[in-house]
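Structure record follows, encoded as C-alpha cells.
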Amino acid sequence: MSLVCAISNEVPEHPCVSPVSNQVFERRLIEKFIAENGVDPMNSQPLSEEQLIDIKVSHPIRPKAPSSTSIPAILKALQDEWDAVMLHSFTLRQQLQTTRQELSHALYQHDAACRVIARLTKEVTAAREALATLKPQAGLLAPQAMPASQPAAGGSGGEPMEVSVQVGMTPEIIQKLQDKATVLTTERKKVRLSFKKMSVVRCRLAEMDDKPLNLFNKLILSLMFAHSSLSLPNQRGKTVPEELVRAEDLSKYRQVASHAGLHSASVPGILCMDLCPSDTNKVLTGGADKNVVVFDKKEEQIIATLKGHTKKVTSVIYHPSQSVVFSASPDSTIRVWSVTGGNCIQVVRAHEASVTGLSLHATGDYLLSSSEDQYWAFSDIQTGQVLTKVTDEAAGVALTCAQFHPDGLIFGTGTSDSQIKIWDLKERTNVANFPGHSGPVTSIAFSENGYYLATGAQDSSVKLWDLRKLKNFKTIALDNNYEVKSLVFDQSGTYLAVGGSDIRVYICKQWSEVLNFSDHSGLVTGVAFGDNAQFLSSAGMDRSLKFYSL
C-alpha cells in the first residue's frame with residue numbers, strides 16, 4: 001500500500017506525518033502551508049515544521065495515470081522502450097567498433113616501436129664494436145680533440161683555437177699545400193701556352209686550305225697540331241675540350257629522368273648534391289631526413305644510404321679519387337663515409353654551431369668548413385683533427401658558405417651580413433672583401449680557370465667578380481623574390497648554372513642565359529654538370545633528383 005499526500009492526493013516523494021492530525025503530507029507542500037498559516041491543514045491546530053515527523057520509505061512507486069492503463073497506451077510505451085533499446089544497442093556497436101580500431105592502431109604502433117628499438121639496439125651494438133675497433137688506430141676525433149681543447153682551462157674562450165693553429169698547421173702541411181698549388185699553377189700556364197700554340201696552328205691550316213702546299217709542309221703542320229692537342233694535360237677548367245657541349249646544343253636540353261624515392265617522404269626535401277668527379281654517373285645527395293644517399297644514374301638504383309647525422313644534411317662532397325664522401329649538418333658535425341662499406345669512418349667536430357659550408361682541398365686530404373659559430377676550420381680528413389680554426393673578430397657574424405679556389409691556397413666565405421671574404425690559407429688572414437650584396441650570401445663558386453668568382457645572395461642577384469682586379473664586373477639581376485641556393489661552373493669554366501626558384505644556365509664571358517628549367521615543384525637546392533656538360537642534374541625540396549640532356 002502506498003502513501004498518499006492529504007493535500008495533493010499523490011504519492012509523496014518526501015513523506016512526513018503531522019502529530020496534530022496524524023495525516024501524511026508531502027513535506028514540500030506542508031512546509032509551504034505552515035509558513036503561510038502556521039496551523040495543520042486538516043484540523044487548523046497550531047503546527048510547526050519542527051513537529052513534522054519524516055517517514056522513511058524505499059523508492060515509492062507512483063501509480064500510473066489512468067490514461068496509461070489502456071491497451072494502446074501500453075503498446076505505445078512498449079514501442080518507445082523498444083526504440084530506446086535499439087538506439088542504445090546501435091550506440092554500443094559504434095563504441096565497440098571505435099575501440100577495436102584504437103586497439104588495432106595501438107598494437108601496430110607497439111609492433112613498430114619494438115622493431116625500431118630492435119634496429120636501434122643493433123645499430124648501437126655495431127657502433128660500439130666499430131668504436132672499439134677504431135680507437136686504437138687514432139683515427140677518431142674524440143680522443144684527438146682532447147689535447148687541443150685541454151690548454152683552454154687556463155685561458156679565455158678563444159685560446160684553444162690559437163693552440164690548434166700553432167700545433168696543427170705544421171710546416172710540412174703548409175709545404176704540401178704550396179707544392180700542390182705550384183703544380184696546378186704550372187700546369188695551367190703550360191696549357192694556356194699550348195692552347196695558344198694550337199690556335200696558331202689552326203689558323204695556319206685554315207689559311208693554307210686554298211693554297212697549293214708541299215705535302216711535307218702540310219704533314220708537318222698536322223703533326224704540330226696533333227702534338228699540341230696531345231700534350232695538353234687533362235686539367236679542369238684550363239682549356240675548352242672539343243667534347244664540350246656547344247651552347248646551341250645545351251639550349252635544347254630537356255628533362256630525361258626524374259627520381260623521387262631517394263629520401264624519406266615523411267620529411268621531404270633534398271638539401272644538397274654533388275657528382276663524383278671520376279664517375280659522374282654517381283650522384284651524392286643530402287636530405288632533410290638526415291640521410292646521405294649515393295645514387296647510380298646509369299643503373300638507376302641507390303648504391304648506399306648513409307645514416308648517422310642527428311639533423312638534416314646541408315652539404316655533401318664526393319672525393320675525386322676515393323670511394324669516400326663527406327657531409328655536414330646543423331648537428332655541428334662533419335662526417336666522412338665509406339661508400340663501399342656503407343658506414344661512417346670519421347667524425348670531425350670542428351664547430352659548436354651549425355656547419356653551413358664544406359669544400360675539399362685540391363690535395364684531397366683536407367676539408368674546409370664554415371659555421372654559424374663565426375669560424376672557418378681546416379681539418380685533416382685522415383685523422384679528423386682540426387688543424388686550424390679562425391674567425392674575423394672585428395666582423396663577428398655567422399659564416400653562410402665556403403669554397404676553395406682551384407689552386408687551394410686561397411678560399412672564399414660568405415657571411416650573413418652580405419660580405420664575401422677572401423682568405424689566405426697559409427697565413428690564415430683575410431686578404432680581400434667583396435661588398436655589394438644586400439642580403440645573406442647563400443652560395444659562392446670559383447671558375448675552374450681561377451679568374452672568376454660567382455656569388456649569390458638573398459637579394460635575388462648573382463654577382464661575378466674578377467679576382468685579378470678585385471672588382472665586380474657583372475651583376476645578373478634575377479626575378480623578384482628569386483632565391484639563389486646553388487652556383488656551379490662546369491669543369492671547363494664555360495657555363496655557370498644557377499639553382500634556386502628554378503634552374504638557369506649562363507654562358508661565361510657573354511653571361512647570357514642559355515636555358516631555363518622550372519620542372520621542380522619546390523626550391524632547387526643543388527645543380528651539377530656531367531662530363532663536358534653532357535648532362536645537367538638538379539635536386540630540390542620536392543624530394544626529386546632530375547637529369548637533363550638531349
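A convex hull fitted to the Cα coordinates of the stretch 1-115 yields 204 cubic angstrom per residue. Extension gain, Lys474 to Gln255, is 75.9 nm, computed as 0.36 nm per intervening residue step minus the present C-alpha separation. For the listed peptides 173-185, 21-33, a ranking on the average number of other beta carbons within 10 Å per residue, highest first, reads 21-33, 173-185.
With a Förster radius of 51 Å applied to the C-beta separation of Lys298 and Thr99, the computed FRET efficiency comes to 0.45.
For the stretch 249-549, with all protein chains in place and a probe radius of 1.4 Å, 41% of the accessible heavy-atom surface sits on carbon or sulfur. Note on Lys307: accessible area approximately 120 square angstrom, rounded to 10, probe 1.4 Å, nucleic acids and ligands left out. Working note: Karplus 6.51/-1.76/1.60 with θ = phi - 60° gives the stretch 513-522 the couplings 6, 9, 8, 8, 10, 10, 7, 6, 8, x Hz, where Gly and Pro are set to x. When only alpha carbons of the stretch 249-549 are considered, Rg and Dmax amount to 17.6, 51 Å. Accessible surface for the stretch 249-549, divided over its residues, is 35 Å² per residue with a 1.4 Å probe. When peptides 457-468, 496-507 are ranked by their average number of other Cβ atoms within 10 Å per residue, the highest-first order is 496-507, 457-468. Ordered by solvent-accessible area of protein heavy atoms (1.4 Å probe), largest first, the residues Thr91, Thr494 come out as Thr91, Thr494. Computed from phi, the 3J(HN,Hα) profile of the stretch 325-334 under the Karplus parametrisation 6.51, -1.76, 1.60 (θ = phi - 60°) reads 10, 10, 8, 9, 8, x, 7, 6, 10, 10 Hz, with x in place of Gly and Pro. Surface analysis of the stretch 1-119 yields an accessible area of 79 Å² per residue, using protein heavy atoms and a 1.4 Å probe. Within the stretch 282-321, list the residues whose amide N lies under 11 Å from a label point set 7 Å along Cα→Cβ of Glu123. Answer for the stretch 282-321: 290-292, 306-311.
Taking Cα centre as origin and charging only the Cβ of basic (Lys, Arg, +1) and acidic (Asp, Glu, -1) residues, the dipole magnitude of the stretch 1-124 rounds to 820 debye. Descending by average beta-carbon neighbour count within 10 Å, the peptides 119-129, 474-484, 404-414 line up as 404-414, 474-484, 119-129, the highest first.
The values are calculated or read from the model by the stated rules, or taken from the named source; none is laboratory data. Keep in mind the model is a prediction, meaning the values are calculated, not measured. In this analysis, Cβ positions are derived from the backbone assuming ideal geometry, glycine residues included, and neighbour counts consider all displayed protein chains. What goes into the accessible areas is simple: the full protein's heavy atoms, side chains included, and nothing from ligands, DNA or RNA. Shrake-Rupley method; radii C 1.70, N 1.55, O 1.52, S 1.80 Å.
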